[in-house]
Each structure stands twice: as C-alpha cells, then as structure tokens.
Amino acid sequence: MIAIISEKVRGRIRRHKRLRKRVSGISLCPRLNVFRSAKHIYCQIIDDTKGITLVSASTIDKEISKSVSSEKQKSEKWKKTDVAKIIGTVIAKRALEKGIKKVVFDRGGYLYHGRVKVLAEAAREGGLEF
C-alpha cells in the first residue's frame, strides 16, 4: 500500500530535515524534540550521540491524561494550547529530575507559533534553558 502524503506534510518534513542539519543534541546539551498531531502533542529529550531518548512526555501518558480529564468537567473541553502548556511543564520537571538543565530546541519543522511556542515557553518557565 502506498502512503499518500500531503504537500503540507512534505513541507514540514523538508523543513525538519533542513533544521536537523544544524541542530543536534549531545550529552551535555540534548535536543528537545516536538511532534504534534491533530489530537496529541509529544515531546522528548534526545541524546543524538548515543541515539537514546532521555525523557519524554505526551498527551497519551496515563498520568497526564488523567490529570487533564480530572481538572475540567466533561462539558468543558481543553484547548490544545492549554494541554501543550501542561506538557511543557511536565517535560521540564522530568528533565530537571534527571539532571538536564540545558537543551537545544527542535521545533520539528513546525512554525514557532501556537502549541509549539506555548510548549517551549512552559518548558523555559519550568527551568529548562534553550
């Protein structure tokens, strides 16, 4: 089966490849990667020299999805930017627990706008340095 990729996704992938030529995470300063889909947002801190993920957080994590669903009533819906802010604070907290203070931000080919911007600002407020 052949996957058909839209021009919008192709453009994002092209931008991400161009960005990854310049941005690389090392053990002293790992890379904070962001991926967003229509429903969820994922971020992870990656050490590219070893090829491992050090810390991750996403909206599908059980503890995060439980806290999001318990804080608002069923009739009220969360905005995607509010959830991105929660993910940014969680990733910062988890990174500081592992001793990671400084990271390189990889926006994943997305514009630094909306959910990506809110996540980055929340991570900065949480104690991470970009």
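The values are calculated or read from the model by the stated rules, or taken from the named source; none is laboratory data. What you see is a predicted model; the values in this text were computed from it and never measured. Glycine also receives a Cβ, built like all others from the backbone with ideal geometry; neighbour counts cover every protein chain displayed. In case anyone asks, the SASA skips ligands and DNA or RNA and just uses the protein heavy atoms, side chains included. Shrake-Rupley method; radii C 1.70, N 1.55, O 1.52, S 1.80 Å.
Here the range 45-119 and the range 1-22 have alpha carbon centers that stand 22 Å from each other. Rounded to two decimals, the Cα-based Rg/Rh of the range 1-73, with Kirkwood Rh, is 1.07. Share of carbon and sulfur in the accessible area of the chain stands at 54%, probe radius 1.4 Å. Simple point charges give the picture: +1 on the Cβ of Lys and Arg, -1 on the Cβ of Asp and Glu, and for the chain a dipole about the Cα centre of about 580 debye. The label-point distance for Ser6 and His40, in a model that sets each label 7 Å from Cα toward Cβ, rounds to 2.0 nm.
So what is the accessible area of the chain per residue, in Å², with the probe set to 1.4 Å?
That works out to 66 Å² for each residue.
Globularity index of the range 58-130 is 1.15 (Cα radius of gyration / 2.2 N^0.38 Å, N = number of residues). Straight-distance candidates among the aspartates and glutamates for linking to Lys93, with alpha-carbon spacing under 13 Å and chain neighbours fewer than 8 residues away dropped: Glu125, Glu129. With the convex hull of the Cα atoms taken as the outline of the chain, the averaged projected area works out to 9.5 nm². Taking N as the residue count of the range 1-40, its C-alpha radius of gyration divided by 2.2 N^0.38 Å amounts to 1.51.
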